[in-house]
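First up is the structure itself, then whatever we jot down about it.
The numbers here are math on the coordinates, done by the rules we state, and not lab data. Because the structure is a prediction, the values reported are computed rather than measured. So basically every Cβ, Gly included, is an ideal-geometry build from the backbone, and we count neighbours across all protein chains shown.
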Amino acid sequence: MHQTHRSILHLDLDTFFVSVERQLDSRLNGKPILIGGTGDRGVVASCSYETRAFGVHAGMPMRQARAMCPEAIVIRGNSLNYMKLSEAVTDIVKESVPVCEKTSIDEFYADLTGMDRFFGCWQFSTELRERVMRETGLPISFGLSTCKTVSKVATGEAKPDGSIRVENGLEKPFLGPLSIRKIPQVGMHTYQTLRNLGVRRIHTIQEMPRDLMHQVLGMNGLAIWRKAQGVDPSPVIAYNERKSISTERTFAQDTTDLNKLQGLLVAMAENLAYQLRRGKKVTACVTVKVRYADFDTRSMQARIPYSAADHVLIPKVRELFDRLYDRRVRVRLVGIRFSHLVGGGTQMDLFEDTEERTNLYQALDRIRGRFGDRSVVTAAGMEARTIGRSNPFNGDAPLLLANRHQ
């Protein structure tokens, strides 16, 4: 019987933030552009291909990027514009494909397996790409192959504004000549370790004994070795806007103690924000829930620009609670939910991040990772001795909230 090989499509909007800004102002076309925090201590969130020729890259301090490319136009960026266009692209992809997974604001996977019998995956993918460009005005590239890893790498090779198909059986020769940095999962530390072994190209990993990779990099080494062979059975997971993380606390005795309520909400928001960062996710929707002694339950939500930063999320939680809270009635339960989650990589708050703030969060999160979620708290959150029950990311089991006593 003929075996059906998987057909996995990877779509990635080219320099997404830059493309959105150019759509809003055509005078920016062809100009070197930096988007991010505009102060000296800001960080580059995105940059045009024209600036990359000077060695500029996302995540770089803005002052360094400006020094490397003095002609660059610096734009602070508008998260709401980006969210709107990201959602427009999401709607097109979701209604077109059988299974769609949105992995970040500008990146998608789709499982097209079996569609070749009807109209051909390559033709379908090409038409989908053309539709996105026609309806949104944004350039988008794609890779098509038998697995997520090869398709993602193919998209990277197709950029800007292109497409590549890797046929079944040609995964290894396609990957072989490329730099090991192209393999998803190879960060700077892993890259240096492999470079110290004299490994530059994926071809070398393909030839290495599996056990050697395990010896050098542990389980991560085995995963990288498999990906280098073009083997990646991981499924496309249907994307759901309501993917969320939440926590709530029921009091032993109903309370009207405002300090206690606010302190607990701050601690809960802080803890959930840490879980987001640990899972490399950002949220676009904050919900606060209050249940009164008579079981009357109220909730209020607000959309926000994508973030996983305490200094954005805590004030929003406080604002929603202040609008919900009825001081005449005792409170039985409070809860918080962050939803509309997408992968956020390392940037917690695209246009507010500064080097100091980023370094501070990373240092605090390292301490929490080592000594527990509640080992570092703000003064406002110290009242809360336990956080309460949690509902982790749907389908993302490792991101559990601890029910930990200090």
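Chymotrypsin sites (Phe, Trp or Tyr not before Pro), restricted to the range 53-131: which are DSSP loop and have at most 14 other Cβ atoms within 10 Å? Present the calculation step by step, with values, prior to reporting the outcome.
Working: sites: F54, Y82, F108, Y109, F118, F119, W122, F124; in loops: F54, F118, F119.
Those that pass, being in a loop and sparsely packed, are F118, F119.
Which loop trypsin sites (Lys or Arg not before Pro) in the range 175-270, with loop taken from DSSP, have no more than 11 other Cβ atoms within 10 angstrom of their Cβ? Can you show the working numbers first?
Values: sites: R181, K182, R195, R200, R201, R210, R226, K227, R242, K243, R249, K260; in loops: R200, R242, K243.
Those satisfying the criteria are R242.
Would you grab the residues whose amide H sits under 5 Å from the one on S104? Only those 5+ places off in sequence or on another chain, please, with H modelled 1.01 Å from N.
Hits under the 5 Å cutoff: G343.
So which GluC sites (Glu not before Pro) in the range 1-80 end up in coil per DSSP with only 14 or fewer other C-beta atoms within 10 Å? Could the numbers behind the result be given before it?
Numbers: sites: E21, E50, E71; in loops: E71.
Qualifying residues, ordered by number: E71.
Using θ = phi - 60° and the Karplus curve 6.51 cos²θ - 1.76 cosθ + 1.60, what whole-Hz ³J(HN,Hα) does each residue of the range 74-88 get, with Gly and Pro shown as x?
Residue by residue, the range 74-88 yields 9, 10, 6, x, 10, 4, 5, 4, 5, 4, 4, 6, 4, 5, 5 Hz.
For the range 169-239, max minus min Cα coordinate along each principal axis, in Å, sorted largest first?
39, 24, 22
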